[in-house]
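Worksheet for the structure shown next.
The values are calculated or read from the model by the stated rules, or taken from the named source; none is laboratory data. All figures in this text were calculated on a predicted structure; none of them were measured in a lab. Every residue, glycine among them, receives a Cβ derived from its backbone with ideal geometry; neighbour counts consider all protein chains shown. In case anyone asks, the SASA skips ligands and DNA or RNA and just uses the protein heavy atoms, side chains included. Shrake-Rupley method; radii C 1.70, N 1.55, O 1.52, S 1.80 Å.
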Amino acid sequence: MNINGHKKKVYMVQPTYLNGKAVYFPLAAGTLIAYASAVPEIAENYSFEDILFLREPLDAALEKMSSPFLAGFSSYLWNIEYNKALAKKVKEKHPGCITVFGGHQVSSGGSFLEEFPFADILIHGEGEEVFAALLLALSGKKALDEIPGISYRKNGRAIDSPAAMPPDLNLAPSPYLEGVFDKIMAENPSLEFIQCIETNRGCPNNCAFCGWSMRESKVRMIPFERVREEIKWASDKKIEFLGCNDANFGLFERDGEIIDFLIDYKNKTGYPDKFQVSFAKNSSEHIFRLSEKLHAHNMNKGVALSFQTMNETAAKNVGRSNIGIKHYTELLRMYNESGMPCFTELIIGLPGETFGSFADGVNTLLKAGQHSSILIHICEWLPGSAMGQKEYIEKYGLEISEIPLFQAHRDIYEEDEVREYSRIITKTYSMANSDWIDMNMFSICVQCFHHLGLLRFFAVYLYYEKNVEYKDFYLKLLDLLKNGDALAGKVFAALREKLAGAVKGQGSLVCYDEKYGTVTWTLEEFAFLELISEKDRFYAETEDFLRSFGMEKNIFENLFRFQKSMVKTISNPRAETELDYNFTAYFKNRINGREAVLEKKRNKIVVEDPDATENWADYARYTVWYKRRGGQNTYLDTAEVKFES
């Protein structure tokens, strides 16, 4: 038997960014270590050294590797360039070290090896069994060409082995319970670790833009006892934020037992405080009940009712299957009635989508009652997805632009020795570059003015009382913003320039102003901040546009006062607004999907906001960033605020 000093040293690398003091455990790297360490022949021959989990200077990371036999790089969108730069340095200093790459940013086949000579072996798909087999082969216990799921060099050329079967998760030990992360926690007492667990693995959907689209789709269960023990571990270690890596939590009846177990431990110990989970894509009443339990104990931050696209052709092209709009509308009504925050996600850039179909899709969601939050993402191209394959790119005419990593809410003072990149879809067979820009401008307009609240109540009133479609209201507003020197026009012109630059691979898609703190903002958040920080000017300049819809003079003037009073701002713990109409009851009913008649009645609205902030930096962080997903950006959205007639 080898003594510890003569064992082959293995270093795992899974660096991520800090968010303040918060950082995720390197779960993928830890899972590989836990699985491999349970194999006696591996434990006898290998020593697992440090896991490099922070984006520290490359030379500092390199210095931690003493006589490495193997360095394993777990690679994702946010660390692939760092991993490549470090691997190159490792090879220069330790030429005999074997470098192994895996993760979602590693494409199928051996092209990565041909492009990057410092990479020796690739692992494709789930890595537990493959990584263990690789270690056995490198210690002479197995032949390299016997291992499925890898690419490697032989006689100077890349060799691809057959795909590996998914691992048996019943045999997979937990890195938390096996103590893999104990050293990390002991050496970094000032960090606030975020724990992620799995209760199942796999996805029944085959969305082409997702990394799961190239993998075995069968959903496999993590043993229930392991899940419970990992929750207990989180509680014992006082982990405040627990994440769940399941692609579709809520598919199984036992998920209710897991929620009950979580709630029980929070009630007993206070930990974990929050549980972030991606619920099953085709939401149901079962998921509503799970969400209801979490919401009752203040453990969730919002539930996604996702579509990604409302266009049937685009949905088919990406392998997406959506719930019907009638079912969606009913679910939305249930969430609104219960006071539970929910949001809907769409993606810009899916092949088959046009500007017209995108605007129609947003309009459909607004008509269904999604007034609190639609999060609209730009489609990122992932090499390990079906969309990342050459055949898919050619079939659908994809054009990919490379920009600095699209990472909002990141502190600008974080230094980046190695820049990461987002590769975004800016053209398809159905969408020109100009259409992509127009889709994003419409997206920014709707999110800024409707979901963040600046003109939401006008849009809702005009839809119900004047038959003005939501998309027509916001398209007309966009046309107005293209002309003139008004504040909103200048803000939106600058954002259009940023989008045009992104198409050419120039510049980023985040904004920064020190007035709003030291973090970056999405385009719609920044537009909202720029306008709300000059609230009186914005509404004065927008008044003629709003009058152009022909509302009765007295109703318009009252609604104008109501709209201005409902948008949260700074230094406003208490405010009073006198009205001739009961807009509070009217909009609470309309936004929650109920019939409503505007009642003419003298009333005074008293808004009390115990969370009012004193400066724009705090307002941006706590009101815009933290409360956005839950749709709590107007006083009408916020349960704690009192309205008195």
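Please give the charge dipole size of the chain, origin at the Cα centre, charges +1 on K and R Cβ atoms and -1 on D and E Cβ atoms. Round to the nearest 20 debye. Show your work: numbers first, answer last.
Values: 75 positive and 89 negative charges, 111 e Å.
Here the size comes out at about 540 debye.
A 1.4 Å probe run over the protein chains yields, for region 510-645, 45 Å² of accessible area per residue, whole-number rounding.
So with the 1.4 Å probe, I'd like the accessible area per residue for region 308-451, rounded to whole Å².
Working: 5240 Å² over 144 residues.
Per residue, region 308-451 has an accessible area of 36 Å².
What is the calculated FRET efficiency for GLU337 to VAL219, with r their C-beta to C-beta distance and R₀ = 51 Å, to the nearest 0.05? Computed FRET efficiency for GLU337 and VAL219 comes out at 0.95. Taking the chain as a whole, the Cys residues whose C-beta sits 4.7 Å or farther from every other Cys C-beta are CYS97, CYS196, CYS203, CYS244, CYS342, CYS379, CYS445, CYS448, CYS511. Helix-only arithmetic for the chain: the sum of -39500 (n - 2.57) across DSSP H runs with n ≥ 4, divided by the residue total, places the mean residue ellipticity at 222 nm at -11500 deg cm²/dmol. In order along region 295-309, phi translates into HN-Hα couplings of 5, 4, 10, 6, 10, 10, 10, x, 10, 8, 10, 8, 10, 6, 8 Hz, rounded to whole numbers, per the Karplus curve 6.51 cos²θ - 1.76 cosθ + 1.60 with θ = phi - 60° and x for Gly and Pro. With both residues required to sit in the chain, DSSP beta bridges show an antiparallel share near 45%. Summing +1 for each Lys or Arg and -1 for each Asp or Glu among the other residues whose beta-carbon sits under 13 angstrom from that of GLU192 gives +2. Once the Cα-Cα distance is subtracted from the 0.36 nm per residue extended length, the ASP264 to LYS604 segment shows a gain of 118.1 nm. Between region 475-541 and region 255-324, the alpha-carbon centres lie 32 Å apart.
In the chain, the longest principal axis of the Cα atoms and the axis of helix 254-269 are about 80 degrees apart. If R0 is 51 Å, what FRET efficiency do you get for ALA596 and GLU115 from their C-beta distance, rounded to 0.05? E between ALA596 and GLU115, to the nearest 0.05, is 0.25. Each Lys and Arg contributes +1 and each Asp and Glu -1, all at the Cβ; summed about the Cα centre of region 504-587, the dipole is approximately 140 debye.
When you count the other C-beta atoms within 10 angstrom of each residue and take the mean per peptide, 390-400, 103-113, 28-38 line up highest first as 28-38, 103-113, 390-400.
Counting only protein heavy atoms and a probe of 1.4 Å, the accessible surface of the chain is 48% carbon and sulfur. Positive end of the dipole of region 388-546 (Cβ unit charges, origin at the Cα centre): among ILE437, TYR512, LEU454, the Cα lying farthest that way belongs to ILE437.
What's the magnitude of the charge dipole for region 86-131 around its Cα centre, counting Lys and Arg as +1 and Asp and Glu as -1 at the beta-carbon? Answer in Debye, nearest 20.
Details: 4 positive and 7 negative charges, 73 e Å.
For this selection, approximately 340 debye.
When the chain is described by a simple charge dipole with +1 on each Lys and Arg Cβ and -1 on each Asp and Glu Cβ, the residue from GLY140, GLY96, VAL491 located farthest towards its positive end is VAL491.
Find, among the trypsin sites (Lys or Arg not before Pro) in region 582-615, those assigned to loop by DSSP (not H, G, I, E, B) with at most 14 other beta-carbon atoms within 10 angstrom. Mind dumping the intermediate values first?
Details: sites: LYS588, ARG590, ARG594, LYS600, LYS601, ARG602, LYS604; in loops: ARG594.
Those that pass, being in a loop and sparsely packed, are ARG594.
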